[in-house]
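To start, the structure under review is shown below, and the notes come after it.
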Amino acid sequence: MTLTFVLPNGQEREIAVRYALNAGYAGRDADQVRRHVDELAEHGVPAPNRIPTLYPLSSSLVSRPAAVQVAHGKTSGEAEWALIVGADLDDLLLTVACDHTDRALEAHGVAWSKQSAPDVVGDVAWPLQAIEHELDQFTLKAWVRHGDTDTLIQDGTLEQLLPPSYWIKELGERLVPGTVLLGGTIPMVAGVDQFGEGWRVEMTDPRGVTSRIAYQVELLEPAWD
């Protein structure tokens, strides 16, 4: 899969995606992450052996679809940043991402659930070297659609997540050209139904430049069991 990104200066950049990695439980607040792990365990989602953790995925899951097709109504997105490796580790881009996940399958294994739906990536990407000093000021928001209404379900900043520099140090040579790394998500707004008919995600820099994602969630017909 080759994806085209628009840089803030209007230039375009093509990246051939070769590998996909999803970070999990990657918040900077360790106590909040532990509470989240405990809450998921109460719903039958197994805790990871290591925090933060990392899920290698099929590169075919990194895409930019207009619709995400799912087998049932218990799937939802997660607003994240995505690090994209160009020619080498001096050629890194950052964009917005949405990790669509099968919540029913999570109880049987988080890694399996993440293999069941795409990692959707945004349209605009920033050269990391140009923005690394101000990443904590980037906002990250997501809306879930029910009918004709979009409801804000995630609202935070990149300050809540481990920065790209953490993963660059941890992974080193694993970040080969064509790797896309999703950096984990921020908490959802309590009381909002995450199971909707569409998702919209935005990441915005301090100057108002925004990378966007929008897709429908399309429920497939039942299997002929």
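Residues are listed down the side, and each one gets a yes or a no for (1) of a type in the set (D, E, K, R); (2) at pLDDT 95 or above; (3) surrounded by fewer than 21 Cβ atoms within 10 Å (Cβ to Cβ):
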{"site": "Thr179", "(1), (2), (3)": "no, yes, no"}
{"site": "Pro187", "(1), (2), (3)": "no, no, yes"}
{"site": "Val192", "(1), (2), (3)": "no, yes, yes"}
{"site": "Arg200", "(1), (2), (3)": "yes, yes, yes"}
{"site": "Thr204", "(1), (2), (3)": "no, yes, yes"}
{"site": "Thr210", "(1), (2), (3)": "no, yes, yes"}
{"site": "Tyr215", "(1), (2), (3)": "no, yes, no"}
{"site": "Pro222", "(1), (2), (3)": "no, no, yes"}
{"site": "Asp225", "(1), (2), (3)": "yes, no, yes"}
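Which of the following residues is of a type in the set (Lys, Arg), within 21 Å of Gly178 (Cα to Cα) and in contact (Cβ under 8 Å) with a residue 40 or more places away in the chain: Lys114, Lys141?
Selected residue: Lys114, the only one of Lys114, Lys141 that is of a type in the set (Lys, Arg), within 21 Å of Gly178 (Cα to Cα) and in contact (Cβ under 8 Å) with a residue 40 or more places away in the chain.
Looking only at strands (runs of 3 or more DSSP E) that lie completely in the range 128-225, which have at least 3 residues being under 27 Å from Arg35 (Cβ atoms) and aliphatic (A, V, I, L, M)?
Correct list: 139-146.
Report whether or not Gln154 is out of contact with any Phe, Trp or Tyr (no Cβ under 8 Å at 6 or more places or on another chain) and over 17 Å from Cys98 (Cβ atoms).
So Gln154 does not fit the description; no.
Which of (1) under 26 Å from Tyr19 (Cα atoms); (2) out of contact with any His (no Cβ under 8 Å at 6 or more places or on another chain) is the odd one out, the single condition Ala117 does not satisfy?
(2)
Considering every residue within the range 193-214, establish whether at least one is touching an Asp or Glu at 6+ places or on another chain (Cβ under 7 Å) and farther than 18 Å from Ile84 by Cβ.
yes
The values are calculated or read from the model by the stated rules, or taken from the named source; none is laboratory data. Because the structure is a prediction, the values reported are computed rather than measured. Note: ideal-geometry Cβ built from the backbone for every residue, glycine included; neighbour counts use all protein chains shown.
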